[in-house]
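Below is one structure; the comments refer to it alone.
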Amino acid sequence: MKKQILLATSNQNKVREMKDDLLIFFDDVLSLKDVNLTIDVEETGTTFLENSKIKASDVSSKTNIPVLGDDSGLEIDALDGRPGIYSARFLQNESYETKCKELLKLLKDKDNREASFTCALTYIDKINGIEKQFVGKCNGRIIDAYQDCKYGFGYDPIFYSYEAHDVFGNIPKEEKFKYSHRGKAVKMFLNFLKEVYHEGNIRNR
Ligand code: ITT
């Protein structure tokens with residue numbers, strides 16, 4: 001039987017980043033569009049973990065396919081962790097260029113440019129009764145000026161990664177994935193899958 005996973009996200013950039021690595025384990029990596037489903041809940045949680053569970057649970061209630069939810073965002077120390085869980089809702093309906101430039105304005109005159117990205121994943125395989133969460137984090141700083149970037153999405157043009165030694169917007173997705181919050185969370189998830197589905201008593205769907 002084909003091993004499938006459904007990504008509970010309407011953000012195609014997240015799908016693009018995770019797909020290749022998830023194909024190491026799964027035969028099919030589906031997005032909501034592929035199965036004609038949508039997320040119909042508000043993100044009412046107060047943490048990335050809570051919100052990723054809210055999204056995964058909503059989608060899992062509508063399908064038997066194992067589901068993976070992703071809640072993520074950028075936390076800036078000098079702004080007391082903002083935009084944080086509100087990263088998508090910050091200046092909602094504005095472009096990411098505008099959002100990035102507004103953050104740079106808020107950071108004008110601030111010496112502390114430290115920031116981090118966090119990605120919380122929630123996996124729910126309801127047929128096998130498995131629910132598990134993973135968190136990946138990466139540290140960096142917010143650069144001084146906005147630059148147009150060839151790669152990435154969201155806040156990538158203004159985030160310099162200490163591990164990648166570059167701005168995420170300047171590096172291809174495979175390179176970013178080695179160091180990113182999402183890459184780290186997906187690696188933990190893949191290790192978990194190898195262990196848990198290896199035991200004969202769990203069906204490899
Ligand atoms: P779903 O809820 O449907 O998954 P979303 O885009 O609304 O899609 P979030 O609520 O998790 O997802 O919001 C995440 C925000 O943080 C969003 O604005 C992204 O642009 C930003 N973000 C998350 N990961 C990022 C990354 O790797 N690089 C740049 N920005 C990122």
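The values are calculated or read from the model by the stated rules, or taken from the named source; none is laboratory data. Since the structure is predicted, the reported quantities are computational estimates derived from the model, not experimental observations. Note: ideal-geometry Cβ built from the backbone for every residue, glycine included; neighbour counts use all protein chains shown. All accessible areas refer to the heavy atoms of the entire protein, side chains included, with ligands and DNA or RNA removed. Shrake-Rupley method; radii C 1.70, N 1.55, O 1.52, S 1.80 Å.
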Under a 1.4 Å probe, what is the accessible area of the chain per residue, stated in Å²?
-> 50 Å²
How do Thr46, Thr63 stack up against each other in accessible area, from largest to smallest, with a 1.4 angstrom probe?
-> Thr46, Thr63
Residue-wise, which Karplus ³J(HN,Hα) couplings in Hz belong to region 12-27, taking 6.51 cos²θ - 1.76 cosθ + 1.60, θ = phi - 60°, and x for glycine or proline?
-> 5, 5, 5, 4, 4, 5, 8, 4, 4, 5, 5, 5, 5, 9, 9, 7
Convert each backbone phi in region 97-103 into a coupling constant with the Karplus relation 6.51 cos²θ - 1.76 cosθ + 1.60 (shift: θ = phi - 60°), then list the ³J(HN,Hα) values in order as whole Hz, x for Gly and Pro.
-> 4, 5, 4, 4, 5, 5, 4
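Per DSSP helix of 4 or more residues, -39500 (n - 2.57); summed, then divided by the residues of the chain. What does that give at 222 nm, rounded to the nearest 500? Show your work: numbers first, answer last.
Numbers: 5 runs with 60 residues, N = 205.
Calculated at 222 nm, the ellipticity per residue is -9000 deg cm²/dmol.
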Can you tell me the 0 to 90 degree angle between the C-alpha axis of helix 48-60 and the longest principal axis of the chain, rounded to 10?
-> 40 degrees
log₁₀ I(q)/I(0) of region 83-199 at q = 0.10, 0.13, 0.14, 0.16 Å⁻¹, via Debye over equal Cα point scatterers, no solvent, to two decimals?
-> -0.37, -0.58, -0.65, -0.80
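If you scale each eigenvalue of the Cα gyration tensor by 5 and take the root, what three semi-axes come out for the chain, rounded to whole angstrom and sorted largest first?
That gives 31, 17, 15 Å for the three semi-axes.
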Determine how large the accessible area of Leu6 is when every protein chain is in place; take a 1.4 Å probe and give Å² rounded to the nearest 10.
-> 0 Å²
For Thr44, solvent-accessible area (1.4 Å; no DNA, RNA or ligand), Å² | 100 Å²
Nearest 10 degrees, 0 to 90: what angle lies between the long axis of helix 181-198 and the longest principal axis of the chain (Cα atoms)?
-> 10 degrees
Report the one residue of Asn36, Cys149, Tyr86 whose Cα lies farthest in the direction of the positive end of the charge dipole of the chain (charges on C-beta: Lys and Arg +1, Asp and Glu -1; origin at the Cα centre).
-> Asn36
Among the listed pairs Lys137/Lys178; Lys14/Lys176; Lys3/Lys178; Lys19/Lys53; Lys3/Lys126; Lys3/Lys173, those beyond 18 Å (Cα-Cα) = Lys3/Lys178; Lys19/Lys53; Lys3/Lys173
